[in-house]
Amino acid sequence: MTGVLASQQISALIADGRLSAQPAILPEQVQPASLDLRLGTVAYRVRASFLAGHGRTVAERLEEFEMHRIDLSQGAVLEKGCVYVVPLMEHLDLPSDMQAVANAKSSTGRLDLLTRAITDGGTEFDRIAQGYSGPLYAEICPRSFSVLVRPGMRLNQIRFRAGQAQLPDDALRALHAETPLVDGEAVISDGLGFSVDLRPEKGTLVGYRAKPHTGVIDLDNIAGYDAAEYWEEVHSGNGRIILDPGAFYILVSREAVHIPPDYAAEMAPYLAMVGEFRVHYAGFFDPGFGHDAAGGKGSRGVLEVRCHEAPFVLEHGQVVGRLVYEHMDQAPQQLYGAGIKSNYQGQGLKLSKHFRA
C-alpha cells in the first residue's frame, strides 16, 4: 500500500477497529479521501496554544494550561480571540506503516476559525505520527467571529497515507501534460503554483474582508446570515488591492483547479519571502474537485488570506500559494461533488455556506 487512502479503505479501517469513536463513526463522515472529525462534549479554555511534546499527553498539558472548561452539550459560544482545546469523538490505532494529516474543513477556514489537530506526544500541529494510537484533540481559535458550537460538529478532517505519496515536480509536469491541472500555464516548483484573481471578467468585486465587530455565528445555521453584516466587499478596478495588517480576506484563485480521480492535493503556503501575508487554513482538495465528470468544470480555489505586520500590495496574477499533489492508493468509489453533498464544487469567489448568496 502506497499513497493516500480512499473512502472505501477508510471504511475498512473503521470496520477493523483502527478508527473508532464514541458514539460510532457515521457513514457520512467518510469523504472521498478523508474522514470528518467530530467535536466532543467539553471545551477547555486554555491560556495559550500548545503541543503535547515527546512523552507527554494532551491531558497532562491541559492540567498546566486550563483556565476553565465549558459544557458543549447544550451548545456554547467560543469567543473570538480565545484558544480552546476540544477532545474529539474519534480515536486512532494506526498500523505501523501509516501516518495521517489533519486540516480544517473548507467552511471552517472561510470563517477564519483556526482549527488544528493535536495528539499525545505530538510535536507538530495537524501531523499524526506513523503508527499513532491514542485520542485526538482539536485546538480551536476563532479569529474573526465568535461561534456557537455543539457536540458532533465537524470542523476538521483527517487524511491517511502509507509510504511516499507526494508527486515530485517532474511527475506533476507529466500529469499536467496528460490531464491539465489548471486552465492555463502551469507554474510548477515544489508543487503547482496558483495565483490571485483581481481582474474579474464581470464587475469589480474581487473579494471580501471580515468586519471587526459582528454577532455570533451558529455553525449549524446554514444560509442563515446576511453577508453584509459580517463582510465588507473588496473592489478593484486596477488589478490590485492593499492588504491591511491583521485583516482577514476571502479571495479567489485566477486558475480553475483540477484534481483527477486518482489524486488528492493539499494547499501549502507559498515561500515566506513572497510577502507579508499567508494563504491558510482549509487545505484539502479531494479527488474529483474541478473534475468535469463530477460537475466541477471551472472550479476555483478560494483563498483565505491574512495580512501580517505591514500593509502589502497584492496584484493580479501574483502567485500566493501552491498545491502539493499526492497519488491515491486506490481511486475512491465516490468523487468529490458526484452525488455527495459537496458545497464548493464548481465554485468561484464564495463565502462559507453559512451566508446567503
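The table below gives the values:
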quantity: Extension gain from THR204 to ASN221, taking 0.36 nm per residue of separation minus the Cα-Cα distance; calculated: 3.2 nm
quantity: Global form of the chain, assessed from the alpha-carbon gyration tensor, a/c cut-off 1.5; calculated: oblate
quantity: Sites PHE125 and ARG356 - FRET efficiency at Förster radius 35 Å, r taken between beta-carbons, to 0.05; calculated: 0.60
quantity: Length added when fully stretched, GLN333-SER96, from 0.36 nm per residue minus Cα-Cα; calculated: 82.8 nm
quantity: DSSP bridge pairs, the chain: antiparallel proportion in percent, nearest 5; calculated: 95
quantity: Residues whose placed amide H lies under 5 Å from that of PHE285, excluding near-sequence neighbours; calculated: ALA265, GLU266, MET267
quantity: Spin-label pair HIS68/HIS213, simplified geometry with 7 Å Cα→Cβ offset, distance in nm; calculated: 2.4
quantity: Accessible carbon and sulfur surface of the range 93-179 relative to its total accessible area, %, 1.4 Å; calculated: 42
quantity: Cα gyration tensor shape of the range 158-224, rounded if a/c is under 1.5, else prolate or oblate by comparing a/b with b/c; calculated: oblate
quantity: Alpha-carbon centroids, the range 87-153 and the range 207-274: separation in whole Å; calculated: 21
quantity: Over the chain: helical MRE at 222 nm, DSSP H runs n ≥ 4 each giving -39500 (n - 2.57), nearest 500; calculated: -2500 deg cm²/dmol
quantity: Cut-off under 5 Å, modelled amide H: who pairs with ARG127 long-range; calculated: ALA102
quantity: Karplus-derived HN-Hα couplings along the range 194-202 (A = 6.51, B = -1.76, C = 1.60, θ = phi - 60°), whole Hz, x at Gly and Pro; calculated: 9, 10, 9, 9, 10, 10, x, 5, 10
quantity: Cut-off under 5 Å, modelled amide H: who pairs with GLN318 long-range; calculated: VAL196
quantity: Highest-first arrangement of 324-333, 57-66, where packing means the average Cβ count within 10 Å; calculated: 324-333, 57-66
quantity: Accessible solvent surface per residue of the chain, calculated while the other protein chains remain in place, 1.4 angstrom probe, Å²; calculated: 42
quantity: Model label zone, CYS82; criterion: amide N under 18 Å from point 7 Å along Cα-to-beta-carbon; scope the range 132-163; calculated: 138-151
quantity: Highest-fluctuation residue, ASP226, ASP190, ASP126 considered, GNM on the chain with Cα pairs under 10 Å; calculated: ASP226
quantity: Shape of the range 50-178, Cα gyration tensor, a/c cut at 1.5; calculated: oblate
quantity: Of GLY224, GLY207, GLY40, the one that fluctuates the most in a GNM where the chain has Cα springs shorter than 10 Å; calculated: GLY224
quantity: Entries in LYS202/LYS353; LYS105/LYS211; LYS105/LYS353; LYS105/LYS202 that, when Cα-Cα distance is taken, lie over 18 Å; calculated: LYS202/LYS353; LYS105/LYS211; LYS105/LYS202
quantity: Highest-fluctuation residue, ARG127, ARG47, ARG150 considered, GNM on the chain with Cα pairs under 10 Å; calculated: ARG47
quantity: Net length gained if the chain between THR2 and GLN22 were fully extended (0.36 nm per residue, minus Cα distance); calculated: 4.2 nm
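The values are calculated or read from the model by the stated rules, or taken from the named source; none is laboratory data. As the structure is a computational prediction, the values presented were derived from the model and not from experiment. Counting neighbours? That spans all protein chains shown, and the Cβs are built from the backbone with ideal geometry, glycine included. For the accessible areas, the whole protein counts, side chains as well, though only heavy atoms, and no ligand, DNA or RNA atoms are used. Shrake-Rupley method; radii C 1.70, N 1.55, O 1.52, S 1.80 Å.
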